[in-house]
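Shown next, in structure tokens, is the structure this report addresses.
The values are calculated or read from the model by the stated rules, or taken from the named source; none is laboratory data. Computed from a predicted model, the values in this text were never measured in an experiment. Glycine also receives a Cβ, built like all others from the backbone with ideal geometry; neighbour counts cover every protein chain displayed.
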Amino acid sequence: MQMGNFDDLDEELRDILSELGNIGTGNAVTSLAEMMGHSFEIKAPKLRFVKYQDIFQSMGIRDELQAGILVDVLGELRGMFLFLMDESFSRAVLEQMLEETAEDLTELTEMQVSLLRELGNIICGSYLRALSCLTGLETDVAVPDLCIDMAGAIMGVPLARHLKVSDNILMIENEFHMGNQSFVGRILFWPEADTLSAVVERLKG
């Protein structure tokens, strides 16, 4: 069975993927608390399946500066994760962790770049581990890439790469709470066609 489109998923499987969002969030909370040294709250995620042509309208951030962490997924689960965080979220994380202000996100130090990469790796990895555990499919990730640019420019790479596979994107929106501040982070996942097929078969089996 070949499935390259999220439209092929029935309601039961969509509910299972939603539950995966909750499990992944729990994993992320634990990992971020260890990384940042204090409690980190994430509200229950909003999971949606979005057509690629509607993605910018759905997010409303096409022309906003974002930090995008791209993570290639390898192994039996293959595809690409993208974690997007805006300027205020990025600056808050850097100030919290490094106790220094990032005046210009396009001119980050090596340490700042490394920290944002690690944050994105943790967030994406949390959801990937949840999916791997539920399906039993083995997975690995490549070293994450960081891109600071307008959201439209950042998403050009994965859209061009995966459009021929599927015109649907799995989007997970999270609301992160740090002290009295709250931020929205978005995770986008483009699975390879055979990966989506394998996931569906394992979940139905």
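Overview of results
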| read-out | value |
| --- | --- |
| Enumerated helices (runs of 4 or more DSSP H) restricted to the stretch 125-205, each holding at least 1 residues that are more than 14 Å from the chain's Cα centre (by Cα), over 14 Å from LEU20 (Cβ atoms) and at pLDDT 85 or above | 151-154 |
| Residue match in the stretch 183-205 (condition: closer than 13 Å to PHE81 by Cβ and loosely packed, with under 15 Cβ neighbours inside 10 Å) | no |
| Cβ-Cβ under 6 Å pairs, at least 6 apart or on other chains, the stretch 23-48 side within 15 Å of MET171 (Cα to Cα), far side modelled with pLDDT under 80 and surrounded by fewer than 18 Cβ atoms within 10 Å (Cβ to Cβ) | LEU47/SER18 |
| Condition met for GLY125 (more than 12 Å from LEU82 (Cβ to Cβ) and either β-branched (Val, Ile, Thr) or touching a Ser or Thr at 6+ places or on another chain (Cβ under 9 Å) (or both)) | yes |
| Restricting the stretch 86-121 to residues that are hydroxyl-bearing (Ser, Thr, Tyr) and free of Cβ contacts under 8 Å to residues at least 60 places away in the same chain, the residue that is farthest from GLY68 (Cα to Cα) | THR101 |
